[in-house]
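The values are calculated or read from the model by the stated rules, or taken from the named source; none is laboratory data. Bear in mind the structure is a predicted one, so any value in this text is a computation, not a measurement. FYI the Cβ positions are ideal-geometry reconstructions off the backbone, even for glycines, and counts take in every protein chain you see.
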Amino acid sequence: MIDLGPFLLSFKLAGVTTLILFVIALPLSWYLSQTESRSKPVLEALTALPIVLPPSVLGFYILIVLSPNSAVGGFFEDLFGVKLVFTFTGLVVASCFYSLPFMVQPLQSGFEALNKHMLEASYLAGKSKLQTVWYVALPNIKPSLITALIITFAHTVGEFGVVLMVGGSIPGETKVASVAIYEMVEVMEYGQAHIYSAIMVLMSFMVLMAVYIFNHKQKKIGIL
């Protein structure tokens with residue numbers, strides 16, 4: 001019988017991470033899309049760093065920063081009683097770092113493609129920057145918004161290196177689907193590993209297909 005616990009934990013982690021990253025990435029991506037600052041390339045490089053860094057490297061440094069012996073980890077444990085390593089909370093923090101570019105980059109591209117006259121008209125109408133972003137910009141970048149949300153969710157579900165480094169494999173707490181597959185292969189339970197892997201492949205394919213179908217429909221609507 002298939003244990004759905006790791007999948008449910010993966011979906012929970014992905015859902016929480018996606019919501020948090022949307023709140024963080026929205027102002028960041030808007031700023032990057034509008035600024036002409038010299039620091040823009042630096043911020044873009046830092047944001048995109050998790051794409052090129054090996055997950056084990058990123059996971060190692062996150063583990064060091066979040067450990068109880070560090071200033072950050074010690075602060076949260078002493079003040080709030082919250083442990084940031086080998087806990088679900090730690091997985092969320094690590095996932096936010098790892099999946100950040102998958103939320104920021106689609107949103108930034110969408111904002112950069114907006115008609116500038118539309119934004120100027122909103123400002124002339126007395127709308128604030130926040131109102132302009134929420135009521136004017138976001139509704140007009142639906143393909144980019146949907147892509148950012150879905151890809152971030154799917155990417156977080158498929159995490160392995162970072163979550164293993166920071167969370168380990170505690171059933172019901174940090175043992176997500178990717179870690180469960182790794183452990184099955186270690187003990188040569190290939191039958192179970194095949195089932196878990198097939199579910200992940202099918203889910204990933206369906207997510208990508210949904211994104212492409214939605215974007216194609218939006219393009220057709222735009223042409224009409």
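Things worth noting here:
- Set 70, 99, 109: member being surrounded by fewer than 22 Cβ atoms within 10 Å (Cβ to Cβ), of a type in the set (Gly, Ala, Ser) and either in contact with an Asp or Glu (Cβ under 6 Å, 6 or more places away or on another chain) or under 27 Å from residue 215 (Cβ atoms) (or both): 109
- Exclusive hit being farther than 28 Å from residue 176 by Cα, among the aromatic types (Phe, Trp, Tyr) and either at pLDDT 95 or above or touching a Leu at 6+ places or on another chain (Cβ under 9 Å) (or both), set 97, 88, 111: 111
- Answer residue from the range 1-35, given it is more than 21 Å from the chain's Cα centre (by Cα) and at pLDDT 90 or above and is nearest to residue 119 (Cα to Cα) among those: 34
- The condition (being of a type outside the set (Asp, Glu), more than 13 Å from residue 10 (Cα to Cα) and either more than 13 Å from the chain's Cα centre (by Cα) or crowded, with 16+ Cβ neighbours inside 10 Å (or both)) is satisfied by just one residue among 172, 168: 168.
- Count of the range 139-157 residues, restricted to those that are in contact with a helix residue (DSSP H, G or I) (Cβ under 8 Å, 6 or more places away or on another chain), surrounded by fewer than 18 Cβ atoms within 10 Å (Cβ to Cβ) and of a type outside the set (S, T, N, Q), is 2.
- Considering only residues in the range 193-218 that are more than 18 Å from residue 102 (Cβ to Cβ) and touching a residue at least 40 places away in the same chain (Cβ under 8 Å), the one that is surrounded by the most Cβ atoms within 10 Å (Cβ to Cβ) turns out to be 196.
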